[in-house]
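J.: Below are the structure tokens for one structure; questions will follow.
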Amino acid sequence: MRREKFIEFGGPNGGDGGRGGDVYFKGDANLTSLFDLRLHPHQRAGNGIAGMGDQKTGKAGSDKIIKVPLGTLIINDETDEIHHEILEEDTHLVLKGGRGGLGNVHFKSATNRAPRYAQPGEPGAEICVRLELKLIADVGLVGFPNAGKSTLISSISNARPKIADYPFTTLVPNLGVVKVNDYRSFVVADIPGIIEDAHQGTGLGFRFLKHIKRTSVLAFLVDSSEFVKTDPLENFSILLNELSQFSPDLLEKKRIVLLTKIDAIQQDLNIQEIIDTFKSKGEEIYPISSVTRKGLDRIIYRLADIVTAERSNPLQIDER
């Protein structure tokens with residue numbers, strides 16, 4: 001009620017309440033996982049501020065913008081209805097904030113000069129959603145069975161794939177997030193080992209190769225251990241041939257070569273000679289050992305640099 005000196009019956013003077021904040025999901029190309037939201041599963045927009053005297057309307061509640069990686073599905077956890085699929089860096093409204101209440105000034109009339117009633121605001125809406133990330137890995141590990149892909153991804157990330165000394169230990173893609181520092185990370189995919197004629201369906205065939213198309217950088221793993229008698233350059237040529245037979249566009253992707261298992265290298269193999277041969281063919285090559293971690297820090301930072309550059313200028317590949 002209006003209360004001023006010399007005004008005994010000022011009448012109703014209450015302002016309206018502010019609306020509640022809205023909840024949005026926004027795509028962010030710099031994010032690669034939903035890990036932060038897993039740690040903070042409850043997200044809330046701000047409450048509207050109550051109306052004040054002198055017919056002052058309360059401030060609206062602050063909106064809540066939840067950033068998610070591109071490729072995230074927002075699914076109603078109760079009905080399994082898909083609300084949105086975040087494919088671009090745009091904003092999608094998921095919950096509208098509640099309407100603010102009306103002050104008593106709206107309810108005065110000729111017969112009720114001093115209404116002591118105000119309309120309450122609407123309660124805020126709630127929803128339980130499930131987020132599923134259709135993850136597109138930044139780095140795809142390409143190599144024959146037992147080339148060391150699973151061991152590498154377990155050494156540079158928190159992924160724990162099955163590791164054994166027989167072919168096709170990896171039957172489904174394994175994904176690991178490689179944390180470079182507080183500001184940079186990338187996703188690496190350990191996909192089932194390729195064999196000759198994989199483009200025709202041999203071995204795991206298309207189940208393997210279709211995942212290669214979803215990566216932006218390829219890391220070719222070439223085994224140099226004493227257990228492999230074939231020439232590393234020959235193995236690399238077979239890998240390139242299989243990818244080109246499946247889709248020539250794959251050879252346009254940025255790639256590096258990792259000479260693996262140098263802790264158990266063939267006795268008659270000259271590492272420097274192999275490296276020089278690859279370099280002479282224009283390939284970027286790094287000798288590594290996932291067991292002793294030799295060379296791993298170097299390739300982590302190198303891959304991070306490549307991924308950063310590729311994200312700013314992604315290669316578009318026809319998925320047909």
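The values are calculated or read from the model by the stated rules, or taken from the named source; none is laboratory data. Bear in mind the structure is a predicted one, so any value in this text is a computation, not a measurement. Here the Cβ positions follow ideal geometry from the backbone for every residue, glycine too, while neighbour counts run over all protein chains shown.
J.: What number of residues within the range 241-265 satisfy the criterion of being crowded, with 17+ Cβ neighbours inside 10 Å, closer than 18 Å to Phe144 by Cβ and either touching a Ser or Thr at 6+ places or on another chain (Cβ under 9 Å) or not β-branched (Val, Ile, Thr) (or both)?
T.: 11
J.: In the range 261-308, what count of residues is obtained for those that are touching a residue at least 40 places away in the same chain (Cβ under 8 Å) and on the phi > 0 side of the Ramachandran plot?
T.: Qualifying residue count for the region: 2.
J.: Any residue that is within 30 Å of Asp231 (Cβ to Cβ) and either modelled with pLDDT under 85 or in a strand (DSSP E or B) (or both) - is there at least one of those in the range 117-137?
T.: There is at least one residue in the range 117-137 that is within 30 Å of Asp231 (Cβ to Cβ) and either modelled with pLDDT under 85 or in a strand (DSSP E or B) (or both).
J.: Separate question: Restricting attention to the range 278-294, which residues are crowded, with 16+ Cβ neighbours inside 10 Å and either farther than 16 Å from Leu152 by Cβ or not aliphatic (A, V, I, L, M) (or both)?
T.: If the condition is that a residue be crowded, with 16+ Cβ neighbours inside 10 Å and either farther than 16 Å from Leu152 by Cβ or not aliphatic (A, V, I, L, M) (or both), then Phe278, Glu283, Tyr286, Pro287, Ser289, Ser290 are the ones that fit.
J.: Take Glu196 and decide whether it is at pLDDT 80 or above and part of a loop (DSSP other than H, G, I, E, B).
T.: No, not satisfied.
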